[in-house]
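Let me begin by presenting the structure, written as structure tokens, before commenting on it.
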Amino acid sequence: MTTDIRLPNPEYLPRRTVKESVARGRELRREVPHSRHGAWSPPEARHDPVAILEAQSAERMPELVPIRYGRMASSPFAFYRGSAAVMAADLAGTAVSGLHGQLCGDAHLMNFGLFATPERALIFGLNDFDETLPGPIEWDLKRLAASVEIAGRELGFPAAEREIAVLATVRAYREALLEFAEMRDLEVWYARLPAKQLEAKLSAAADAKTGKEARRNIRKALRRDHLSAFDRLVETVSGELRFVSQPPTLVPVEELLDPEQRSRYVETMQAALLQYREGLLPHLKALVERYRFVHAARKVVGVGSVGTRAWVTLFMGRDTSDPLLLQIKEATRSVLEPYSTPSTYESQGRRVVEGQRYMQAASDALLGWFTVVGWDGTERDYYVRQLWDGKSSIDISRVTPVGLRVYGEACGWTLARGHARSGDRIAMASYVGENETLDRAVATFAETYAHVNEADHARLLEAIDAGRIAAEPGV
């Protein structure tokens, strides 16, 4: 005699059969045809892009904001990298299918790259999640596609070559969703793109120049670890290990604090690090507790992030040959939040960490977060990760038109994998379909948005020339 024992289904989770998901995707395609994704133009009452940037800057460290503007002013592509908030407002007015997943929120070409897994393998994937939030999958796809078009313009590629690269990027995304829809759940979860596979793709399809660039960056990533960061950023002063002083991009903490803030320094750092350690899994907590805190410095990073509070911290293990360097970065509201659903997490730092874990093939084992009242008396959210740890990006300025196409394909595949992990990948695949209508519609949007981005960049330059905002170039 056998007993039929069944575990209860989690009623809070939506359950669809494969057939139901396929039907849902097809129905959404009828409601929102692919062609609608290309039918966008800036409205007459469009927001002022410079005003959006100024609103962001009001919450940032004022002495660093001119560096941000200076970096964004250098080119339309640099402007695009720093203007995720501007595009988020524009994307809110575009057609969406109704299919949601975990979004990167800032899926441009330079936010993809190489990084080391906890097993010390080198893989390719998304590596920036400051703006991550659940939302319409088209928002990520359109930001990626537009970045390919804008990068191609900056490189001086002909319009036909740019179109080929954009179409290939969107096609790779679409075909990857079709591929993931056929996979088992665990197969999707474990899918990854090894660095050597990307190198082989670039070398096989592109010319010698692009293949050489891929190999150079893989070698760079293999050398870019905590030991190389230690050698480059740390010096010995009067027998004590300290971060080097390279203002304004790297400034030791003692050069930044006034006497009152210094009195709260130890208490603030202790509270932050204790909270961070308590949030780690027990075996990782035991690892981190082997290290003692030594020093901290403010470090300016990226383009869009400049002005947010970012710190590097030095810890030492058994002796001076055993350093650990962590980056502590302020986490503010995602630029998508005004147009999507609010984060379900109280901590913006946790929002970043959980989004990264959702979308990345293998995340930093030491990822964590905390909320602390700083030495300036203001409570802020932060997330923590290892500094560098194999991170490297392909230098887009060194690729050929074919190289841009192949690189875009790798980014498209990677983005689809992140969406497939967090949303209904079968409905997504059913929606995107097997023909090229979506590819061409998104490419049309990318071309339109590249023109808008160029105009926005020009408005930033006008604001700088008029003295409306201050910019510090070359930093």
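The values are calculated or read from the model by the stated rules, or taken from the named source; none is laboratory data. Note that this is a predicted model, so its numbers are computed, not measured. Quick reminder, even Gly has a Cβ in these numbers, built from the backbone with ideal geometry, and neighbours come from all protein chains shown. Surface areas here come from the heavy atoms of the whole protein model, side chains and all, with no ligands, DNA or RNA. Shrake-Rupley method; radii C 1.70, N 1.55, O 1.52, S 1.80 Å.
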Can you send over the carbon and sulfur percentage of the accessible area for the chain, probe radius 1.4 Å, protein chains only?
51 percent
From the backbone phi of the stretch 250-256, what are the Karplus-calculated ³J(HN,Hα) couplings (6.51 cos²θ - 1.76 cosθ + 1.60, θ = phi - 60°) in whole Hz, Gly and Pro given as x?
9, 10, x, 4, 5, 7, 9
Sorted by chain and number, the residues with a modelled amide H under 5 Å from that of TRP369, at a separation of 5 or more or across chains, are VAL384
So for the stretch 67-177, using the alpha carbon gyration tensor with a ≥ b ≥ c as root eigenvalues (a/c under 1.5 gives rounded; past that, a/b versus b/c decides prolate or oblate), I'd call it rounded
About its Cα centre, the chain carries a charge dipole, from +1 on Lys and Arg Cβ atoms and -1 on Asp and Glu Cβ atoms, whose size in debye to the nearest 20 is 1180 debye
Cα-based shape type of the stretch 257-309, given that a ≥ b ≥ c are square roots of the gyration tensor eigenvalues and the cut on a/c is 1.5:
oblate
Enter the accessible area per residue of the chain (Å², integer; probe 1.4 Å; all protein chains in place).
45 Å²
Return the sequence-ordered ³J(HN,Hα) values of the stretch 103-117 in whole Hz as given by the Karplus equation 6.51 cos²θ - 1.76 cosθ + 1.60 applied to θ = phi - 60°, using x for Gly and Pro.
9, 5, x, 8, 7, 8, 3, 7, 9, 10, x, 9, 7, 8, 7
Mean separation of Cα contacts under 8 Å (6+ apart) over length of the chain, as relative contact order %
32 percent
Once each part is reduced to its C-alpha centroid, what is the distance from the stretch 393-449 to the stretch 60-80 in angstrom?
27 Å
Amide H to amide H, which residues 5 or more places from ALA92 or on other chains are under 5 Å from it, using H placed in the peptide plane?
none
Taking amide hydrogens as modeled 1.01 Å from N in the peptide plane, which residues meet the under 5 Å criterion relative to GLY101, leaving out close sequence neighbours?
GLY135, ILE137
With each pseudo-label sitting 7 Å past Cα toward Cβ, what's the LYS212-LEU256 distance in nm, one decimal?
4.0 nm
Rounded to whole Hz, the Karplus (6.51, -1.76, 1.60) HN-Hα couplings of the stretch 19-36, x for glycine and proline:
4, 5, 5, 4, 5, 5, x, 5, 5, 5, 5, 5, 6, 10, x, 4, 4, 5
Computed [θ] at 222 nm, helices only, for the chain once each DSSP H run of length n ≥ 4 contributes -39500 (n - 2.57):
-15000 deg cm²/dmol
Classify the stretch 289-442 as rounded, prolate or oblate, taking a ≥ b ≥ c as the square roots of the eigenvalues of its Cα gyration tensor: rounded when a/c is under 1.5, otherwise prolate if a/b is larger than b/c and oblate if not.
prolate
